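Structure first, commentary second.
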Amino acid sequence: MAIKSVLKMGDARLWQVSEPVSHFDHADLHDLVQDLRDTMQALNGAGLAAPQIGIPLRVVIFGVQQNSRYPDAHTVPETILINPVITPVNDHTEAGWEGCLSVPSLRGMVARHLHIRYQGFDPTGALIDRTVSGFHARVVQHECDHLDGILYPMRIQDMTQFGFLDELFPERAGEE
């Protein structure tokens, strides 16, 4: 369909809680999914949430094969997740660097649950139910936060671990 503009931190629409999708397998939803896919791929993202392109619906897309923005990341299968529910499998968390297309050129250290179960639906309404860990779990939690009006800087506990990519990682300057 189209590559959309990504809202940036400061745009009030990013703070809103998104509405659940009530109708599956229809043209508008498929168009939204294609716009999310096109935009995520064009910007080399690991994921994207509908609110980031100004659509306040509980829809996220994520997936990573090889991504220069996340050079050490393991593969995450492309997934369209609608009306997600995340349940931590246990209390184990892990801190890791995160970036966001809505917070360009910055990185921050964020603690996330290491193991999660996520449930939701694909665009046709089929159930998705997966238990994942590591980077896959981090990406899902990050994208689903957008659905509740949360950007990763709001989760940073130590602001000395938040800054511009080229300052924190000079060897990666010019990547974003």
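The values are calculated or read from the model by the stated rules, or taken from the named source; none is laboratory data. Here the structure is a predicted model, which is why all the values come from computation and not from measurement. We place every Cβ from the backbone using ideal geometry, glycine too, and count neighbours over all the protein chains shown.
What to note about this one:
- Within the stretch 128-155, the set of residues being over 10 Å from Arg112 (Cβ atoms), in contact with a helix residue (DSSP H, G or I) (Cβ under 7 Å, 6 or more places away or on another chain) and in a helix (DSSP H, G or I) comprises His146 only.
- Top-ranked residue of the stretch 109-155 - restricted to ones that are aliphatic (A, V, I, L, M) and under 14 Å from the mean Cα position of the chain (by Cα), ranked as farthest from Gln65 (Cα to Cα): Ile150
- Selected residue (criterion: modelled with the lowest pLDDT) from residues of the stretch 160-176 that are touching a helix residue (DSSP H, G or I) at 6+ places or on another chain (Cβ under 9 Å) and hydrophobic (A, V, I, L, M, F, W, C): Ala173
- Within the stretch 74-112, restricting attention to residues that are of a type in the set (Val, Ile, Thr) and exposed (fewer than 13 other Cβ atoms within 10 Å of the Cβ), the residue that is farthest from Val140 (Cα to Cα) is Thr75.
- Neighbours by Cβ (under 6 Å, 6+ apart or cross-chain): first from the stretch 159-176, under 13 Å from Gly99 (Cα atoms) and β-branched (Val, Ile, Thr); second assigned to a helix (DSSP H, G or I) and modelled with pLDDT of 95 or more: none
- The residue of the stretch 156-176 that is nearest to the chain's Cα centre (by Cα), among those that are of a type in the set (A, V, I, L, M, F, W, C) and either in a loop (DSSP other than H, G, I, E, B) or within 26 Å of Asp25 (Cα to Cα) (or both), is Ile156.
- For the stretch 21-51, a residue qualifies if it is loosely packed, with under 15 Cβ neighbours inside 10 Å and over 16 Å from Ser5 (Cα atoms), and the qualifying residues are Ser22, His23, Asp25, His26, Ala27, Asp28.
- Test: residue in the stretch 112-126 that is in contact with a Phe, Trp or Tyr (Cβ under 8 Å, 6 or more places away or on another chain), modelled with pLDDT of 95 or more and over 18 Å from Leu57 (Cβ atoms): no
- Residue check, Ala137 of a type in the set (Gly, Ala, Ser), under 15 Å from Gly47 (Cβ atoms) and without any contact (Cβ under 8 Å) to a residue 60 or more places away in the chain: yes
- In summary, Ala42 fulfils each of the numbered conditions (1) of a type in the set (A, V, I, L, M); (2) without any contact (Cβ under 8 Å) to a residue 40 or more places away in the chain; (3) in contact with a strand residue (DSSP E or B) (Cβ under 6 Å, 6 or more places away or on another chain) with the single exception of condition (3).
- Strands (runs of 3 or more DSSP E) contained entirely in the stretch 5-108, each with at least 2 residues that are within 27 Å of Gly163 (Cβ to Cβ) and within 12 Å of the chain's Cα centre (by Cα): 47-49, 59-64, 93-100
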